[in-house]
Structures are given as structure tokens and as C-alpha cells.
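Asker: I have a structure I would like to understand better, so I am pasting it below and will then ask my questions one at a time.
Nothing in this text is a laboratory measurement; each read-out follows from the coordinates by a stated rule. Fair warning: this is a prediction, and the values are worked out from it, not measured in the lab. Virtual Cβ from ideal backbone geometry, glycine too; neighbours counted across all protein chains shown.
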Amino acid sequence: MTQIKFGTDGWRGLIADDFTFDNVRLVAGAIAGYILKHEDPTHGVIIGYDTRFLSDRAARAVAQGIAAAGIPVWLANDYTPTPTVSYNVKKLGAAGGVMVTSSHNPWNWNGVKFKAKFGGSATPAIMKLIEDELGGGIAPNDRAAKTPAGTIEEVDLKPAYVEAVSEFADLDLIRRANFKFAIDSMYGSGHGVLPTIFDAHNIQYVAIRQEVNPLFPGINPEPILPHVALLQKTVLSEKCHAGLATDGDADRIGAVAEDGSFVDSHKCMAVLLNWLLAYKKWPGDVVRAFNTSGMIDRIAAKYGRKLHETSIGFKYIADLMMEHDILIGGEESGGIGYGRFLPERDGILNSLLLANVMAEEKKPLGQLVADLQREFGAHYYGRRDLHISDELKDSAVRRAADPQTTRLGAYSILRKENRDGVKFFLDAPTHGNGADPWVLFRASGTERMLRCYVEAATPELVEEILEAGESFVRQG
């Protein structure tokens, strides 16, 4: 049997290879064991699922397994965004939530996320407790054979969530601004949600890839280049002021400016952070993951806000939201959340809030980004996913951490940070007040690859450092 390993936000595996019904039942058993020991099981568990192959059947298997342990279950009656599950967990006071999804991964992956009772990614401590239960290899029926089965009730989780995000954003202001948006659900479980909200408030939009197709034809459901190419074309052909994309389970965001250029998650977070501090003036600290843009630091510093840096994975940001007054927290992959809403990333909510910023500042998305680049310096970002052998991956990380590695390509390494992967700060040019150039090497927690992340002051320099980084990894 394949060993089940939890990554930054749960367990994922290849369908029919790692992601099997037997393994799904084991994960359900571990979650049931955690709830029986550490939460009030009478509060029940909420279960949702995305549009992937077998997600609905796997969610039913999870529901049956958890109910067999005597825990009541509310099972979504339709494909559901992950933040919808999280919101209902908090609203209904459930003991936890389960989402069957593999988020942004390719079509042949699936997985299981666990959401804690506070309505967000389970903290590292909670994930460790679930992993400890998993180590026993006990299925729910074995765990609680004498316990009366809990009920399974099918429910519509979307209305309460739609109402909540609609109140959090100023939709009337967005309507009055008369902007037009392109909406891309990437065949994922966000389909129909933003169109429903925009229809209800007479906001102009054109929607693409709203249909359910578990093969995600031609793309991975990740709102980054090249997978947003159709959204870019749509923004231009339909003369939209912005394009808004959500990933396979709609907890991450990507965007496109009015000129068709891609706006990465770092710029999305920067636009939102600057708006929150300059216009909303909400209190709280700022959190970003280890692999995110230094522009966030500069914006936080301007407004005198404390900045926290975490390891990669939204569960670390959620953990801080439990301990501190956090205004906003974000990660490289497009996950952004707000302490006053939920300790959870949310692509639907962030789409609405980006539209809200545009309406309040009366500018299309590209102009907002350009304004930030002028004020806080030019910041450009790139990432390469290198599918390599475990031996080469381990060698690359080991060589990167080696004190004798003092150069990368044409540039000296000024210093290294080893918080989550190995990050080099380079003596490459900053072009005035532009980004301090850096490169990060990190083995993926959920996929068989090594990722190379780069930030620098020009797109050309980003590409040069990415090339040097890939050469370093592949030299063995």
C-alpha cells in the first residue's frame, strides 16, 4: 500500500495509484480519530468536493467513514469551493471540515484537505495529530464498531457563503464604477459563483470555462501562465478592465490586466494590501510566506505595520491568525486571507475585493499595478517547476545549502536563508529602488518536483536568474 503523506495543506496523490478509495477511507479514519479525541464530535463535520474525477464519490466515502465513527456529517449537494466549506464550518460551529480536492494540480491528481473548527487551514499542530492517527492505519469502522452511526445530511453550502462575501465587499460601488470583468473558473468548483454574485448586482462580466470538465482540457487549473492564456485573450477581445481567475477549488486567485498582461498573486496581494492600508485603514499586522515578494515588506513599512514571514503553506499563516491581529496574509500560489473574515485563502472573495479596489480608486487593474511599481520599485517574479529525480532534487538542495556554494551564474551570493528551502540573495543590479534580487530552491511538499522561485527588478533579470538556477539544479 502506498504511504500516505500530508503536505502543506493535506494529502494528495495520483488517482488510482495513490488516491484510492482504500486510502481515502484511511484518511477519513484518521480525521475521525482526531475529532473523537480532540474536538466535540457532536458538532459534526462538513464535507465538500471539487469537480475532479471521482471527487463526489470520494466525498461520499469520507462521509460514510466519518459517520461510521458516530460523528454527524453535512455533505455538500454540489461541487463546492474550498472557502465555502471553511465558512460553513465556522458559521455552524462544526468540529471540522473536509474538502476532497487536489486544488491546482493536474487532472490526474486528487486529495483531501482538512479544515479546523475555526474555519481555516488546520494548524501544523492539528495536522501532526491527524498524521499520528493515520500512523495506526485504522479505518473508521474498525475504530468505533460499537458506536451508533452518525447521520449524513446533504446540504447546499453556497447560499450562506455567497451572502457573507457579498457583504464583505462593496458590490454597489463596483456596479457604479461600470467596469467590465472577465471571469475564469478554470473548470473548477468556483463555476457559477462569481456570475451569480455579479448577476445579482448588475455588474458587467463575461465568463469562461464555467462548465465541469474533470480533464481540465489543455490546462492545469492553476491561475498562472500559461494556463490563463484564454483569459488574457478574452480580456482583450471583450474589452474588459480586468480578468479574474480562480483555481480548481477556488481558494486561489490570479488576474489579468486590461492590456492582457498577467498579474501574479504577489501583485494582487500588493494591490489589496495598499488599498486596505491607504483607504480602509483597518488595523492588524501583515503576513507573507517565505517565497513571496519583497514589495509586501515595503508597503507594510510605509504604513508602520509589523510584517511576519512564515514557512510555505497557508496553515502557517492561519496559525498566526489565531495568535495575532492579522490584517492580511498571503502566499506565492495565490492564497490570500483576512483575519476579520476567515483564516483561510479565498479566490472568490479576493476577486470581489480586487474589483472593489478598482472601483474605489477608479482605475483598471493594470494602472493600479503600475502605480505600485512606481512608488515601491519595480518587482518582477518568476517560477520554474523542475520535474527531476529524487537524487537530483536532493543533490540540488544539499549543494545550495553548502557554504562552499558562493556564486550563481554571473552573480555572487550575498547571503543565504534556509527557512523553507534555500534562498540566495544575489549581488545582481536593483535598477534604482527595484527589487532586491533573490532565488529560492525548494522541493515541493505535494508533487515530485523542485521549484525555483526568483524575484528581481526586470523581467529580463528574472529570466537570467531562472536559467542560472535551472542549470545549477541540473548539473548534479
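Asker: Straight distance only, please: which lysines reach the Cα of K117 with their own Cα at less than 24 Å, same-chain residues fewer than 8 apart left out?
Answerer: Candidates past the 8-residue exclusion: K5, K37, K90, K91, K128, K158, K315.
Asker: Still on this structure: Over its Cα atoms, what ratio of radius of gyration to 2.2 N^0.38 Å does the chain give?
Answerer: Details: Rg = 21.8 Å, N = 476, 2.2 N^0.38 = 22.9 Å.
Taking the Cα Rg and dividing by 2.2 N^0.38 Å, one obtains 0.95.
Asker: Using the Kirkwood radius over Cα pairs, work out the Stokes-Einstein diffusion coefficient for the stretch 222-381 at 4 °C and 1.567 mPa s, in µm²/s as a whole number.
Answerer: Details: Rh = 15.5 Å.
Translational diffusion coefficient: 84 µm²/s.
Asker: Shifting gears a bit: Which value in Å is the Kirkwood Rh of the stretch 248-334 over different Cα pairs? Please report the intermediate quantities before stating the final value.
Answerer: Details: mean 1/r = 0.0749 Å⁻¹.
This gives a value of 13.3 Å.
Asker: How large is the convex hull of the C-alpha atoms of the stretch 6-157 per residue, in Å³? Provide the component values of the computation, followed by the final result.
Answerer: Details: hull volume 13.7 nm³, N = 152.
Per-residue hull volume (Cα only) is 90 Å³.
Asker: Sticking with this structure for a sec: Can you put W74, W107 in order, fewest other beta carbons within 10 Å first? Write out the running numbers ahead of the final one.
Answerer: Details: W74 23, W107 19.
By the 10 Å Cβ count, ascending, the order reads W107, W74.
Asker: How high is the relative contact order of the chain? Use alpha-carbon pairs under 8 Å, at least six apart in sequence, and give a whole percent.
Answerer: Working: 1093 pairs, mean separation 62.9, N = 476.
It rounds to 13 percent for the chain.
Asker: Suppose each label sits 7 Å from its Cα in the direction of the beta carbon; what would the Q404-L392 distance come out to in nanometres?
Answerer: 2.2
Asker: Kindly state, as a whole number, the per residue volume in cubic angstrom of the convex hull around the alpha carbon atoms of the stretch 53-123.
Answerer: Details: hull volume 6.5 nm³, N = 71.
Value for the stretch 53-123: 92 Å³ per residue.
Asker: While we're on this one: Most exposed first by the Cβ proxy, i.e. fewest other Cβ within 10 Å, how do S265, S189 rank?
Answerer: Values: S265 25, S189 31.
Least crowded to most crowded, the residues run S265, S189.
Asker: Further question on the same structure: Neighbour counts of other C-beta atoms within 10 Å: give me C452, C268 arranged from fewest to most. It would help to have the intermediate numbers written out before the result.
Answerer: Working: C452 24, C268 27.
So the ranking, lowest neighbour count to highest, is C452, C268.
Asker: A follow-up question, please. For the stretch 42-52, in order, what is each residue's ³J(HN,Hα) by Karplus, 6.51 cos²θ - 1.76 cosθ + 1.60 with θ = phi - 60°, in whole Hz (x at glycine and Pro)?
Answerer: 5, 6, x, 10, 9, 10, x, 7, 9, 8, 6
Asker: Same structure, new question: Stokes-Einstein D for the stretch 351-467 at 10 °C, 1.306 mPa s, Kirkwood Rh over Cα pairs, in µm²/s?
Answerer: Details: Rh = 15.9 Å.
Here the translational diffusion coefficient equals 100 µm²/s.
Asker: Whose amide H sits under 5 Å from the amide H of A207, counting only residues 5 or more places off or on another chain, with H placed in the peptide plane?
Answerer: Sorted by chain and number, the residues that satisfy this are I183.
Asker: Report the extension gain between H324 and D40 in nm, rounded to one decimal, defined as 0.36 nm multiplied by the number of residues separating them, less their alpha carbon distance. Mind showing how you got there, number by number?
Answerer: Values: separation 284, 0.36 × 284 = 102.24 nm, distance 2.50 nm.
So the extension gain works out to 99.7 nm.
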